[in-house]
Amino acid sequence: MSNPQSQGSQGNSQLDITLGALQGGLSNAAGVAGENIAGWIKTLQGNTQLAGISAELQNLHDVLRSGATDSGVLAQSLSTLGEHTTKAAASATPDAQDKLRELGQTLSSAASQLRG
């Protein structure tokens with residue numbers, strides 16, 4: 001079983017990967033989205049405090065896998081994830097707070113872009 005320190009390191013590494021993918025815009029992130037989202041779902045599994053994020057990630061993963069192109073559905077999911085992620089930053093470890101806030105803002109911005 002991994003200790004909390006290694007879980008924190010894994011989470012920060014995932015944050016860096018996710019932020020890096022999103023910095024190039026949604027089209028850049030699309031190629032790694034499925035794998036990245038699945039990794040987050042696995043990481044958050046069993047964490048009741050972050051169940052809302054995990055559930056929305058599963059929703060987004062399902063939408064992307066279905067091949068649906070409804071930008072409104074994707075925008076709503078990204079917006080919800082952005083809100084939940086920003087809220088989660090408040091109770092995160094100090095080394096992850098800024099990255100979580102940045103990720104939340106990036107997800108919310110991506111949702112706004114999809115809405116046009």
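Where a number appears in this text, it was derived from the coordinates with a stated rule and is not lab data. The shown structure was predicted, so the numbers you read here are calculated from the model rather than taken from an experiment. With ideal geometry, Cβ positions are generated from the backbone for all residues, glycine too; neighbour counts draw on all protein chains shown.
With springs only between Cα atoms under 10 Å apart, run a GNM on the chain and tell me which of GLY31, GLY39, GLY104 wobbles the most. Maximum fluctuation in the GNM of the chain, among the listed residues, is at GLY31.
Labels on offer are [x] 33, 29, 25; [y] 44, 34, 28; [z] 40, 25, 23, and the one holding Cα extents along the principal axes in Å computed from this structure is [z].
Couplings 3J(HN,Hα) for the stretch 20-33, derived from phi with the Karplus relation 6.51 cos²θ - 1.76 cosθ + 1.60 (θ = phi - 60°), are x, 5, 6, 5, x, x, 5, 5, 5, 6, 4, x, 10, 4 Hz, where x marks Gly and Pro.
Extension gain for the segment GLN97 to GLN49, taken as residue separation times 0.36 nm less the Cα-Cα distance, is 15.7 nm to one decimal. With an 8 Å Cα cut-off and a minimum separation of 6 or more residues, compute the relative contact order for the chain in percent. Rounded, it is 25 percent for the chain.
In this simple spin-label model, placing a label point 7 Å from the Cα along the Cα-to-Cβ direction at both GLN113 and SER66 gives a separation of 2.4 nm. Highest GNM mean-square fluctuation among GLY24, GLY34, GLY82, for the chain modelled with Cα contacts below 10 Å: GLY24. Computed from backbone phi, the HN-Hα couplings of the stretch 56-61 come to 6, 4, 5, 4, 4, 4 Hz, rounded to whole numbers (Karplus: 6.51 cos²θ - 1.76 cosθ + 1.60, θ = phi - 60°; Gly and Pro given as x). Looking only at LEU78, LEU100, LEU50, which one moves most when the chain is put into a Gaussian network model with springs between Cα atoms under 10 Å? With Cα springs under 10 Å in the chain, the top fluctuation among LEU78, LEU100, LEU50 is at LEU50.
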